[in-house]
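Enquirer: Have a look at this one before I ask anything.
The values are calculated or read from the model by the stated rules, or taken from the named source; none is laboratory data. Since this is a predicted model, take the numbers as computed values, not measurements. Counting neighbours? That spans all protein chains shown, and the Cβs are built from the backbone with ideal geometry, glycine included.
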Amino acid sequence: MSQTQTITAAILVIGDEILSGRTKDKNIGYIAEYLTNVGIDLKEVRVVPDAEDEIVTAIRALKGRYTYLFTTGGIGPTHDDITADCVAKACGVTIDHDPRAVAILRQRYKPEDLNEARLRMARIPAGADLIENQISKAPGFRIDNIIVMAGVPQIMQVMLDNVMPSLQTGAKMLSRSVETGGLPEGIYAEALGQIAKAHPGVIIGSYPSFDGKTFLNRIVMRSRDDATLILVEKDVIEALNQLHEAKGTGYRLPL
């Protein structure tokens, strides 16, 4: 594990059902929060249909751009579950029934029930490591920097837990937030831009919300260095207080 190197990741969501809206994705947010908590920066998310060319093209692009590529969906027993084949093609390796995966499926299914469709879930690219799945047994796998997981949220989550100890992580991203006290973005945007320019190593964002009556704004600052984060928070609060004073709102944020 490294506490200095930046570790990056992308998520590739595979499935016609996601793009059509029949299935609502529940994995992206979970994986994003999980990776943030272990110090892996999620940089990109793509959703592609169950089409070989689309999947292979996306895998090749993303695997070369980031430290890790996480995929979800397309490793089940049906004809449109083609993720494993696409990963093998993208990596330039063969794919076949993996004896380890077959043995795992035999623990779950009686011999007469282990048909060709279910055996599809044992087709693993050559050289891949299996990812355990305590729920339905059919494993995910990891090859190179690609982590291939199921689309079913509960199964994906246990696969993520099982593969994570083998992955490299970085320093955790820290965050602080400040409520603007009712100031709209247009009032503090210039000051916030100046603070961001002075501290390029800190990610600063403004996030409006609406409670049904009024807009509320929150400024969120993120950095891996806590000391710098504290200084930036102080600068933001001072800037907001100066704006409140100039507008005569009578509001003052505590330092």
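Enquirer: Name the residue that is nearest to the chain's Cα centre (by Cα), counting only residues in region 180-213 that are among the β-branched types (Val, Ile, Thr) and assigned to a helix (DSSP H, G or I). Full working, then the answer.
Expert: At the first step, the residues of region 180-213 found to be among the β-branched types (Val, Ile, Thr) are 180, 187, 195, 202-204.
Filter once more, so that each one left must be assigned to a helix (DSSP H, G or I): 187, 195.
Numbers: Ile187: 33, Ile195: 28 Å.
The residue in question is Ile195.
Enquirer: Is it the case that some residue within region 41-59 is in a loop (DSSP other than H, G, I, E, B) and closer than 23 Å to Glu132 by Cβ?
Expert: Within region 41-59, none of the residues are in a loop (DSSP other than H, G, I, E, B) and closer than 23 Å to Glu132 by Cβ.
Enquirer: Let me ask something else about it. Of all residues in region 147-176, how many are part of a strand (DSSP E or B) and either more than 16 Å from the chain's Cα centre (by Cα) or not hydrophobic (A, V, I, L, M, F, W, C) (or both)? Let's see the steps before the verdict.
Expert: First pass over region 147-176, keeping only residues part of a strand (DSSP E or B): 147-149, 174-176.
Then drop every residue that is not either more than 16 Å from the chain's Cα centre (by Cα) or not hydrophobic (A, V, I, L, M, F, W, C) (or both), which leaves 174-176.
Number satisfying all stated conditions: 3.
Enquirer: Here's a follow-up. For region 1-41, which positions are within 17 Å of Asp81 (Cα to Cα), surrounded by fewer than 13 Cβ atoms within 10 Å (Cβ to Cβ) and not small (Gly, Ala, Ser)?
Expert: Arg22, the sole residue that qualifies.
Enquirer: Using the structure shown, decide if Leu216 is buried (at least 17 other Cβ atoms within 10 Å of the Cβ), touching a Phe, Trp or Tyr at 6+ places or on another chain (Cβ under 8 Å) and more than 27 Å from Ile40 (Cα to Cα). Let's see the steps before the verdict.
Expert: Numbers: buried (at least 17 other Cβ atoms within 10 Å of the Cβ): no; touching a Phe, Trp or Tyr at 6+ places or on another chain (Cβ under 8 Å): yes; more than 27 Å from Ile40 (Cα to Cα): yes.
Here the answer is no, as Leu216 does not meet what is asked.
Enquirer: Out of all the residues in region 224-252, which are exposed (fewer than 15 other Cβ atoms within 10 Å of the Cβ) and outside any helix (DSSP H, G or I)?
Expert: Asp225, Gly248, Thr249, Gly250, Arg252, listed by residue number.
Enquirer: Check Glu54, Glu112 and return the single one that is loosely packed, with under 14 Cβ neighbours inside 10 Å and without any contact (Cβ under 8 Å) to a residue 24 or more places away in the chain.
Expert: Exactly one of Glu54, Glu112 is loosely packed, with under 14 Cβ neighbours inside 10 Å and without any contact (Cβ under 8 Å) to a residue 24 or more places away in the chain, namely Glu112.
Enquirer: Being part of a helix (DSSP H, G or I) and among the hydrophobic types (A, V, I, L, M, F, W, C) is the filter here; which residues of region 66-117 pass it?
Expert: Ala84, Cys86, Val87, Ala88, Ala90, Cys91, Ala101, Val102, Ala103, Ile104, Leu105, Ala117
Enquirer: Shifting gears a bit: Can you tell me which residue is modelled with the lowest pLDDT among those in region 161-202 that are touching an Asp or Glu at 6+ places or on another chain (Cβ under 6 Å) and over 30 Å from Leu130 (Cβ atoms)? Please lay out each step first, then the result.
Expert: At the first step, the residues of region 161-202 found to be touching an Asp or Glu at 6+ places or on another chain (Cβ under 6 Å) are 162, 174, 176, 195.
Now drop any that are not over 30 Å from Leu130 (Cβ atoms), which leaves 174, 176, 195.
Numbers: Leu174: 92, Arg176: 96, Ile195: 97.
Checking each candidate, the answer is Leu174.
Enquirer: Tell me which residues, restricted to region 184-198, are touching a residue at least 24 places away in the same chain (Cβ under 8 Å) and either crowded, with 18+ Cβ neighbours inside 10 Å or charged (D, E, K, R) (or both).
Expert: Once the filter is applied, which keeps residues that are touching a residue at least 24 places away in the same chain (Cβ under 8 Å) and either crowded, with 18+ Cβ neighbours inside 10 Å or charged (D, E, K, R) (or both), region 184-198 yields Glu185, Tyr188, Leu192, Ile195.
Enquirer: Yes or no: Leu19 within 24 Å of Ile203 (Cα to Cα) and assigned by TED's automatic domain parsing to the domain that holds Leu160?
Expert: Numbers: within 24 Å of Ile203 (Cα to Cα): no; assigned by TED's automatic domain parsing to the domain that holds Leu160: yes.
The answer is no for Leu19.
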